[in-house]
Amino acid sequence: MRLHRPSDVRAELNISQNRTAKTCLYAIGGNALSDPLHPEAPNDVLDSVLDDVFDLLEAGYNIVLTHGNGPQVGQLLLMEESLGGVPEGLDNWVAATQGTIGHDIATRLDGLLTSKHRHEQVATLLTRVAVDENDPGFKTPTKPIGPVILGDAPNHWVVGQTLQGPRRLVASPLPVEILDADAIEALLHAGAIVLACGGGGIPVIVEPTGFRGVEAVIDKDRVSSLLAQTLAVDLFIISTAIDSIRVNFGTPEEKALRMVAAADLQAHLSQSQFPSGSMGPKVEALLEAKLGRPSMEVLLCTPGQALAAVRGEAGTTVEM
């Protein structure tokens, strides 16, 4: 079974002929939906995300939303382990969070659209993403999931330090192909706001007889970059808690990068400026999108600042 590259999918979907409006892919961080320090606390950041979505709709964009699930999928895995029994597997829990988080976002977005007299419908799509079974990410877990660890962790856990504190790490292979890209494109063409690739997508291995789910959580920003290229979107936004990409973070020499050339950003990345468990994958995703499709607008900003970032008044813009 052949795996597509982004250029193959664009050609097969005939995207340039099917789509008339501009398209934005907006990636929502999992920590915007639940705080790993206080996972039980209500989080109002999503309201700012939905304001961004409305502003982008008003500006004439079709919208694809992706979202993380690190805190949520970790909580489900903890629940499963506490109950014992036959493990469901991380691929099943990723699918579960696609449904639960997608339902929550869609319900709240539907309410906002109704109140603003917008006609768009919201579609949440369970999305499968192919990975390579030989990916080195299976041997070296890097993806933080679940809440911050306050006591001793079980011996079989891999634990890593994040900006919030120590958290459980799981395998995070690179995404190879968005297997449901044609369905996403069809929904966009029909005028829907599409929630896709939730939690990085359901990780599967492509086999001669079909697909097999695997124990992993794909990074949401990396899969968002791949989806942005696959769909040939006009605007790619990564929304995160930090208002811009920063170098020398946490030191007296800390500096915000508002407009940064891809080559300079690559140099900062090679100098280990961005930790692998936090800003590193975001920077890599932004670079992949810009280098893969130079005409795409590629931005990072905080929720509520999308249009300001498009105008160059907030966030970070990656240029060629």
Query raised in the report: Mind checking whether some residue in segment 281-297 is outside any helix (DSSP H, G or I), small (Gly, Ala, Ser), over 21 Å from PRO175 (Cα atoms) and in contact with a helix residue (DSSP H, G or I) (Cβ under 7 Å, 6 or more places away or on another chain)?
Result: no
Query - Any hit, segment 298-307, residues being more than 17 Å from the chain's Cα centre (by Cα), of a type in the set (A, V, I, L, M, F, W, C), at negative phi and assigned to a loop (DSSP other than H, G, I, E, B) - result: no
Query raised in the report: How many residues does segment 71-103 contain that are in contact with a helix residue (DSSP H, G or I) (Cβ under 9 Å, 6 or more places away or on another chain) and over 17 Å from VAL170 (Cβ atoms)?
Result: 4
Query raised in the report: Among the residues of segment 65-80 satisfying the criterion of being in contact (Cβ under 8 Å) with a residue 40 or more places away in the chain and part of a helix (DSSP H, G or I), which is nearest to PHE236 (Cα to Cα)?
Result: GLY70
Report summary line: Of the conditions (1) on the phi < 0 side of the Ramachandran plot; (2) of a type outside the set (A, V, I, L, M, F, W, C); (3) at pLDDT below 85; (4) surrounded by fewer than 16 Cβ atoms within 10 Å (Cβ to Cβ), the single one that GLY30 does not satisfy is (4)
Report task. Considering each residue of segment 308-320, count those that are among the charged types (D, E, K, R) and in a strand (DSSP E or B), and give that number. Result -> 1
Report summary line: For ALA216, the lone unmet condition from (1) more than 30 Å from GLY60 (Cβ to Cβ); (2) in a strand (DSSP E or B); (3) in contact with a Ser or Thr (Cβ under 7 Å, 6 or more places away or on another chain) is (2)
Requested in this report: Go through segment 186-197 residue by residue and tally those that are part of a helix (DSSP H, G or I) and either on the phi > 0 side of the Ramachandran plot or touching a Gly at 6+ places or on another chain (Cβ under 8 Å) (or both).
Outcome: 0
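So that you can scan it fast, the table gives a plain yes or no per residue for (1) among the small types (Gly, Ala, Ser); (2) buried (at least 18 other Cβ atoms within 10 Å of the Cβ); (3) more than 22 Å from PRO144 (Cα to Cα):
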{"residue": "GLY210", "(1), (2), (3)": "yes, no, yes"}
{"residue": "VAL217", "(1), (2), (3)": "no, yes, no"}
{"residue": "SER225", "(1), (2), (3)": "yes, yes, no"}
{"residue": "GLY250", "(1), (2), (3)": "yes, no, no"}
{"residue": "PRO294", "(1), (2), (3)": "no, no, yes"}
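Rundown of residues vs (1) without any contact (Cβ under 8 Å) to a residue 24 or more places away in the chain; (2) assigned to a loop (DSSP other than H, G, I, E, B); (3) among the charged types (D, E, K, R); (4) within 21 Å of GLN98 (Cβ to Cβ), yes/no style:
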position: ILE149; (1), (2), (3), (4): yes, yes, no, no
position: ASN155; (1), (2), (3), (4): yes, yes, no, no
position: GLY160; (1), (2), (3), (4): no, no, no, no
position: GLY199; (1), (2), (3), (4): no, no, no, yes
position: ILE205; (1), (2), (3), (4): no, no, no, yes
position: ARG212; (1), (2), (3), (4): yes, no, yes, yes
Query raised in the report: Give me the pairs: first residue in segment 214-237 and within 22 Å of HIS189 (Cβ to Cβ) and among the charged types (D, E, K, R), second residue buried (at least 24 other Cβ atoms within 10 Å of the Cβ) and modelled with pLDDT of 95 or more, beta-carbon distance under 7 Å, and six or more apart or on different chains, which are they?
Result: ASP234/CYS24
Requested in this report: Return yes or no: is LEU188 within 20 Å of SER239 (Cβ to Cβ) and either of a type in the set (A, V, I, L, M) or at pLDDT below 95 (or both)?
Outcome: yes
Report summary line: When segment 170-185 is checked residue by residue, the ones that are assigned to a helix (DSSP H, G or I), surrounded by fewer than 22 Cβ atoms within 10 Å (Cβ to Cβ) and not hydrophobic (A, V, I, L, M, F, W, C) are ASP182
Query raised in the report: Which ones in segment 219-251 are of a type in the set (Asp, Glu), assigned to a loop (DSSP other than H, G, I, E, B) and in contact with a Lys or Arg (Cβ under 8 Å, 6 or more places away or on another chain)?
Result: ASP219, ASP234
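The values are calculated or read from the model by the stated rules, or taken from the named source; none is laboratory data. These numbers come from a predicted model, not from an experiment. We place every Cβ from the backbone using ideal geometry, glycine too, and count neighbours over all the protein chains shown.
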